[in-house]
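**Q** Pasting a structure here, questions to come.
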Amino acid sequence: MPDLPQLLLFMAAGWLLNLTPGPDVLYIVSHGLRHGARAGMVAALGIVSGCFVHVFAAAAGLSALLATSATAFTVIKWIGAAYLLWMGVKLLFSRGGRLDLNAARATEADLWLVWRRGFLTNVLNPKVALFFLAFVPQFIRPDAAHPALAFLLLGVLFNVNSLPINLGYAWLAAWAARRLQVLQAAMGWMDRIAGLMFIGFGLRLALAEHPTKP
């Protein structure tokens with residue numbers, strides 16, 4: 001494990017990285033805006049759960065396979081891109097509607113679906129696996145006795161460290177939706193904008209080349 005200054009740097013870098021908008025943030029914010037803080041927080045937990053899969057896979061060496069095998073990368077890439085495109089098209093052609101800010105009205109089945117989609121959004125993105133493989137080892141000493149264990153512990157810390165940011169996005173989105181009445185009439189357009197953004201993320205992932213390709 002790194003020493004305290006390096007550990008604090010690792011945590012600060014993690015916060016900055018999680019503040020960067022992307023499909024994960026978009027997914028959390030869209031649910032926080034439409035269904036309130038509870039749904040947004042469940043979306044955030046789904047995203048973080050997907051990150052844990054990548055951490056465990058990287059510690060087991062599967063992310064190294066994605067980094068070295070163009071075939072494995074391409075298969076996962078196309079699955080992830082197809083999923084993002086499917087979500088984007090679904091949002092793009094949704095009928096919209098008014099905000100439902102009463103979190104108590106969300107059923108357990110609804111929240112399970114929100115969690116599952118957030119989980120899949122993250123798990124099916126091979127670039128997340130490659131991110132962990134590129135970022136975390138920078139904070140592991142070359143002479144570490146158990147580098148896989150150090151990687152696992154740092155990955156878990158990164159995910160736990162991301163919770164305040166992701167849950168904060170959910171809470172802020174719900175707070176804004178309650179106070180900005182214009183959102184009530186604009187939710188249909190927001191769904192379509194979010195749909196276009198998801199389609200954009202999906203196309204960008206589909207066009208991404210393997211990192212070892214010259």
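The values are calculated or read from the model by the stated rules, or taken from the named source; none is laboratory data. Keep in mind that this is a model prediction, so the values were computed, not measured. Cβ coordinates were reconstructed from backbone atoms using ideal geometry, including for glycine residues, and neighbour counts include every protein chain displayed.
**Q** Let me confirm something: among ALA57, ALA13, which residue is closer than 21 Å to LEU163 by Cα and modelled with pLDDT of 80 or more?
**A** ALA57
**Q** Let me ask something else about it. Here is a check on your reading of the model: is GLY88 in contact with a helix residue (DSSP H, G or I) (Cβ under 6 Å, 6 or more places away or on another chain) and at pLDDT below 80?
**A** It is true that GLY88 is in contact with a helix residue (DSSP H, G or I) (Cβ under 6 Å, 6 or more places away or on another chain) and at pLDDT below 80.
**Q** With GLY80, GLY46 as the choices, which residue is at pLDDT 70 or above and either in contact with a Cys (Cβ under 7 Å, 6 or more places away or on another chain) or on the phi < 0 side of the Ramachandran plot (or both)?
**A** Exactly one of GLY80, GLY46 is at pLDDT 70 or above and either in contact with a Cys (Cβ under 7 Å, 6 or more places away or on another chain) or on the phi < 0 side of the Ramachandran plot (or both), namely GLY46.
**Q** Additional query: Give me a count of the residues in the range 108-148 that are within 18 Å of VAL53 (Cβ to Cβ) and assigned to a helix (DSSP H, G or I).
**A** Here the count works out to 23.
**Q** Let me ask something additional. For the range 146-174, how many residues are farther than 20 Å from VAL114 by Cβ, more than 14 Å from the chain's Cα centre (by Cα) and surrounded by fewer than 19 Cβ atoms within 10 Å (Cβ to Cβ)?
**A** 8
**Q** Mind telling me which of the residues PHE119, PHE135 ends up being modelled with pLDDT under 80 and within 22 Å of LEU45 (Cβ to Cβ)?
**A** PHE135 is the lone residue from the list that is modelled with pLDDT under 80 and within 22 Å of LEU45 (Cβ to Cβ).
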